[in-house]
Amino acid sequence: MSVATFISRILGYVKDMILARYFGATGLSDTFFVAFRIPNLLRELFAEGSMSSAFIPVLTEYQTKQGAHEAKRLVNITFTFILIFVGLFCVLGIFFAPQIVSIIAPGFLRDTGKFSQTVLLTRLMFPFLLFISLAALVMGALNVRRVFFIPALAPALLNVTIIVFVLALVPVLEQPIIAVAIGVTFGGLAQLAFQLPSFLRKDYDLRLSSQLNHPGLRKMALLIMPATMGMAVAQVNIFVSTILASFLPQGSITYLYYSMRLIQFPIGIFGVAMGMAALPALSEHAVKGEMEKLRDDFSFALRLLFFITVPAMMGLIALRGPIVNVLFQRGVFDYSATAGTSDALLFYSFGIWAIVGVRVVTATFYSLNDTKTPVKIAVAAMITNIALSVVLMGPLKHSGLAFANAIASGVNFILLFFFLRNKLGRIDGRRIMGSFGKITVASMVMALAGWFMLRGQIWTATGKTLEKAIYLSGTIMICLCIYLGISFLLKGDEVHYLYEKIKGRLNRSGV
């Protein structure tokens with residue numbers, strides 16, 4: 001899953017580089033990123049977020065207890081439900097787009113052209129929600145059958161489609177930004193279509209069903225309602241940032257978007273992948289009552305996740321300027337945009353460890369059919385985020401919004417971890433904290449070395465992209481070696497585990 005997600009993220013950054021080149025950090029780019037917030041929010045609520053968290057445990061239970069035929073029937077019932085209700089939601093969203101935009105970006109009401117452009121883009125992208133919801137259904141069904149690579153690679157089709165539409169239509173359209181919106185909608189369709197061959201090979205199909213009173217669907221509904229509320233609370237944090245940023249200087253929304261995209265790299269490759277991969281296994285342990293195995297899997301997943309993502313977090317903090325320069329500074333995207341994005345990236349990065357940790361802790365709650373506790377805790381985190389956003393946006397501008405998000409993420413993880421410990425009685429807390437301490441020390445030394453190696457005025461100038469990319473890549477590789485070396489000296493369990501795995505694989509291959 002991490003390999004597939006890595007490919008998708010790389011293509012995502014290629015897409016972002018193209019968008020930055022054509023649209024920069026301007027009012028035009030702000031309209032697209034605000035409009036995209038809406039289908040992206042709903043995707044989290046109805047598709048890749050809450051639906052998966054309810055669908056996978058229930059489908060796992062039906063497949064384990066009642067067999068593959070009953071699981072297949074439940075997939076068809078869920079497909080029918082999505083087609084009817086999400087389809088209706090898309091129609092309503094297109095009709096009420098002006099009202100929606102006025103709520104999430106009230107600052108745009110001062111500029112009629114900007115507001116109208118955002119409404120048009122919103123309407124063009126609403127069908128994306130239906131396609132991505134069906135893609136999430138197919139993904140969940142494949143995950144239950146232990147197929148992970150194809151579903152994790154599917155988002156790459158979204159990025160490829162957007163790139164193709166931008167390159168093909170921007171030169172010929174009177175309003176070039178429309179090409180991106182059209183690409184998003186067709187990208188959702190491509191993401192669904194890409195998974196269908198694997199889906200059909202696993203003896204699934206997509207047929208309409210009239211059994212919308214099925215007990216499995218009712219159970220999903222009971223789980224999905226609090227899960228949706230939990231995801232809604234998490235998305236409120238992003239929307240609060242969007243609303244407040246609409247009152248900040250032009251480009252603020254774009255700075256937040258690109259910096260968030262960069263922290264999504266380690267979060268998406270490892271955090272989301274680990275959460276999705278762990279959920280079916282944790283759910284199976286919970287169904288069978290194997291609580292000791294559930295605890296062990298949780299502890300191992302969290303420690304391995306921290307081992308991978310904490311150095312990524314420190315690396316983004318230390319090398320943020322060079323990274324933004326190499327990826328985005330070209331065309332309309334100038335150094336002032338690089339500086340604004342780098343500032344937001346600094347503060348967003350402080351929350352990476354907590355965001356990825358929440359994925360695993362929440363997956364554990366979901367495996368136990370407990371979707372209510374994460375909601376209650378997410379509400380506390382949301383209140384923290386809103387209060388801090390209002391306080392910090394004054395002195396820190398858009399960076400204050402990023403910092404508030406990072407602090408709220410930390411509050412979310414700490415509370416979730418505490419409540420899970422009370423629920424399970426024991427979660428290997430000392431081992432997790434000891435591992436986290438060693439990882440942090442090794443990561444800080446690595447980050448300091450990387451910062452020292454990449455000092456200089458070259459990172460403020462535009463151009464020499466290949467030279468700077470080689471310089472940056474070489475530094476990152478050296479930093480990785482430093483991190484692994486220090487982790488080995490500190491006798492970190494995770495680095496020794498990976499070493500033994502690689503050694504065993506090489507021995508089996510005769511190398």
* For region 251-511, calculate the relative contact order in percent as a whole number, restricting contacts to Cα pairs under 8 Å that are 6 or more residues apart. => 26 percent
* Give me the distance between the Cα centres of region 82-132 and region 1-20, rounded to whole Å. => 25 Å
* To do: Would you mind pulling out the separation of the Cα centroids of region 185-209 and region 299-357, in Å?
  => 34 Å
* Show which lysines lie in cross-link reach of K501 when reach means a straight Cα distance below 25 angstrom and same-chain residues fewer than eight apart are skipped. => K293, K438, K491
* Structure fact -> Taking a straight Cα-to-Cα line shorter than 16 Å from K114, and setting aside same-chain aspartates and glutamates fewer than 8 residues away, one finds D30, E174
* Could you go through region 138-150 in sequence order and give the Karplus-derived ³J(HN,Hα) for each residue, using 6.51 cos²θ - 1.76 cosθ + 1.60 with θ = phi - 60°, rounded to whole Hz, and x for Gly and Pro? => 4, 4, x, 5, 5, 4, 5, 8, 6, 9, 10, 5, 4
* When only Cα pairs under 8 Å and 6 or more residues apart are kept, what is the percent relative contact order across the chain? -> 20 percent
* About the Cα centre of region 27-223, what is the dipole size in debye to 20, counting +1 per Lys and Arg Cβ and -1 per Asp and Glu Cβ, all else neutral? -> 500 debye
* List the relative contact order of region 27-223 as a percent without decimals, with contacts defined as Cα pairs under 8 Å and 6+ residues apart. => 32 percent
* Structure fact -> Neighbour-count ranking for V332, V358 (other C-beta within 10 angstrom, fewest to most) reads V332, V358
* To do: Any lysines with Cα under 20 Å of the K202 Cα? List them, leaving off those in the same chain fewer than 8 positions away.
  => K65, K72
* **Environment charge of L454, counting only residues whose C-beta is closer than 11 Å and scoring Lys/Arg +1, Asp/Glu -1** => +3
* Quick one: putting +1 on the C-beta of Lys and Arg, -1 on the C-beta of Asp and Glu, what dipole do you get for the chain around its Cα centre, in Debye to the nearest 20? -> 740 debye
* Residue-averaged [θ]222 nm for the chain, counting only DSSP H segments that reach four residues, each worth -39500 (n - 2.57) -> -28000 deg cm²/dmol
* To do: For region 379-469, run through the trypsin sites (Lys or Arg not before Pro) and keep only the ones in DSSP coil with at most 14 other Cβ atoms within 10 Å of their Cβ.
  => R426, R455, K464
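Throughout, read-outs are computed from the coordinates displayed, never taken from laboratory work. Since we're looking at a predicted model, the values are computed, not measured. Every residue, glycine as well, gets a Cβ built from its backbone with ideal geometry; the counts of neighbours run over all protein chains shown.
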